[in-house]
Amino acid sequence: MKLPESYRNPISYLGTITAAIAFTTIVILIILTRFFNVGSVYFDLFTFIVVPCFFVSGLALISYGMFRTWKRKKHPDNRFPRIDLNIKKHRNAASAFIAISVVFVIMTIFGTSEAIQYSESVAFCGTICHSMNPEYTAYTHSPHARVKCAECHVGEGMDYFVKAKFSGMRQLYKTIINEFDKPIYTPITNLRPAAQTCEKCHWPQKFYTNNIRKEKYYLADSLNTEWNVVLDMKIGSSHQALGLIEGIHWHINPDIKIEYKANKKRDTIYWVKVINKRTKTETIFNDEEVSFTPDSLNNIETRQRDCMDCHNRPSHEFRSPSRYVNNLLAAQPKYAAIPWFKAAAMDALKVMNSTTDSCLNGINTKIIKYYQDQYPAVLKQYNKDIMAGIDAVKAEFSKNAFPEMKVNYSVYPRHIGHLESNGCFRCHNDNFKTTTGKKISKDCNLCHTIVSQGNPKSASYIGINGSLGFEHQGGEGWKDNECKMCHAEM
């Protein structure tokens, strides 16, 4: 088959070379990845996104070169070429064009499908887009580590798929030119509603009753004394048949709608409205300690409370030093057997530097110095275990703090509970009252009761329907202050 004269030009030749090389590369990469299991996450990136761009560019150059040559040399007065299938030369050209187009369309369909699947894969989201670490590292250690990123961040339907892709292109551009916030600002304002993502698995119609939760703490004393608290968490009602008429998940009762006004970070709430859909009644609570004129309050966005207002870190949680050191000692009792190890670790984690390497070196130096200055005999006796413990602390630090991105637990506090952030106390603080004096109570027993607490050897217990008074190891100051005032610094 003789190629048309218009093809004979440098631009079309360049396009042919580009397309041929790209096509050959695509075929080789597909064979390597699909049949020989060779490659990595970047293989798919090049196979279905980068190299096809060169292939399409090559075909575009061929077409442009042919049209340019035809326009200049043969038909300067005609806008488009004439096609007559009665002429053999034209039939041959049309046949070649159709054959190439069919192959191109098939490859495009296959490549587009693979590219879409790849662009929504965890590997792409976690190691290509979020290669800066915080989000992906936290995700891999979360309860949702086997849930694909796109299932929460995109969800079902074409509308959010298109929005996500356009948003992704903007974020990619910002990443390339290195113009993005450090840390990334939260909450994300355009995140899909929880009812369309979370509730695909966690459906509200499945009611949960109370749940026993055991918290294990270690005191910063010579013995790293273990102190346990066993809570009867009032997730729902006391019996499954009662549904969501009380308990923590009352907030998502289908018959109840809660609206609120808050600051942009949603960690300080100013106004709450509770709407009972059955009785058609509305109850408005205003914070007595916050003064707003009606106009200024109306200018603040009114949001409907959903899962994400409490479970705000479901897959990207950064734990505080107190939490991950306690968990480390619980998981590895040999470190709890090292005298003063909790105190040494917490002291080393107080001051952070600007880079991960300097922080890790600082942790190593501070723990060793702590023992050298105060307990040299302990350092000599437990040297091997202390060194292993230092490595374990550094590993936990690396999962929860990222100095280059200015990320740690205090930047992204979780609102479940009330130890390290306002959490529940954003509303349950005794300050929110109606005009008739009804208030949103701060009573801890609304959400949980303590059924056991203390050192395992001398713990106090009570029946499941009873409640123990809270014994705080730091004295009675907790009664007059918020928990985060101390625990956020530990």
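Below is a table of values for the structure above.
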quantity: Residues within the range 419-472 that are of a type in the set (A, V, I, L, M, F, W, C) and in a strand (DSSP E or B), tallied; calculated: 3
quantity: Every residue from the range 279-299 that is touching a residue at least 12 places away in the same chain (Cβ under 8 Å) and not in a strand (DSSP E or B); calculated: 288, 289, 290, 292, 297
quantity: Options 221, 181: the member that is over 17 Å from the mean Cα position of the chain (by Cα), part of a loop (DSSP other than H, G, I, E, B), more than 17 Å from residue 314 (Cβ to Cβ) and of a type in the set (D, E, K, R); calculated: 221
quantity: Looking only at the range 252-274, and only at residues there that are surrounded by fewer than 17 Cβ atoms within 10 Å (Cβ to Cβ) and in contact with a Lys or Arg (Cβ under 6 Å, 6 or more places away or on another chain), the one that is farthest from residue 211 (Cα to Cα); calculated: 259
quantity: Of the criteria (1) assigned to a helix (DSSP H, G or I); (2) surrounded by 20 or more Cβ atoms within 10 Å (Cβ to Cβ), which one residue 327 fails; calculated: (2)
quantity: Residue 331 vs. criteria aliphatic (A, V, I, L, M), without any contact (Cβ under 8 Å) to a residue 12 or more places away in the chain and outside the structural domain of residue 187 (by TED's automatic domain parsing); calculated: yes
quantity: Filter result for residue 426 (modelled with pLDDT under 95, touching a Gly at 6+ places or on another chain (Cβ under 9 Å) and among the basic types (Lys, Arg)); calculated: no
quantity: Test: residue 195 is touching a residue at least 24 places away in the same chain (Cβ under 8 Å), surrounded by 12 or more Cβ atoms within 10 Å (Cβ to Cβ) and in contact with an Asp or Glu (Cβ under 6 Å, 6 or more places away or on another chain); calculated: no
quantity: Residue match in the range 406-426 (condition: in contact with a strand residue (DSSP E or B) (Cβ under 7 Å, 6 or more places away or on another chain) and touching a residue at least 24 places away in the same chain (Cβ under 8 Å)); calculated: yes
quantity: When residues of the range 473-490 are limited to those that are small (Gly, Ala, Ser) and in a loop (DSSP other than H, G, I, E, B), the one farthest from the chain's Cα centre (by Cα); calculated: 475
quantity: Hits in the range 232-248 (condition: assigned to a helix (DSSP H, G or I) and crowded, with 19+ Cβ neighbours inside 10 Å); calculated: 248
quantity: Residue match in the range 142-164 (condition: part of a helix (DSSP H, G or I), outside the structural domain of residue 266 (by TED's automatic domain parsing) and among the polar types (S, T, N, Q)); calculated: no
quantity: Unique residue being over 27 Å from residue 197 (Cβ atoms), among the polar types (S, T, N, Q) and surrounded by 19 or more Cβ atoms within 10 Å (Cβ to Cβ) when the list is 224, 312, 298, 228; calculated: 224
quantity: Selection count, the range 259-278, where residues are in a loop (DSSP other than H, G, I, E, B) and either closer than 20 Å to residue 414 by Cα or among the aliphatic types (A, V, I, L, M) (or both); calculated: 6
quantity: Any pair with Cβ under 6 angstrom, 6 or more apart, that starts in the range 340-365 at a residue that is among the acidic types (Asp, Glu) and ends at one that is surrounded by 18 or more Cβ atoms within 10 Å (Cβ to Cβ); calculated: 347/370
quantity: Residue within the range 375-395 that is under 13 Å from residue 320 (Cβ atoms) and not acidic (Asp, Glu) present; calculated: no
quantity: All positions within the range 165-178 that are assigned to a loop (DSSP other than H, G, I, E, B) and of a type in the set (A, V, I, L, M); calculated: 177
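The values are calculated or read from the model by the stated rules, or taken from the named source; none is laboratory data. Computed from a predicted structure; not experimentally measured. Positions of Cβ are backbone-derived with ideal geometry, glycine not excepted, and every protein chain shown enters the neighbour counts.
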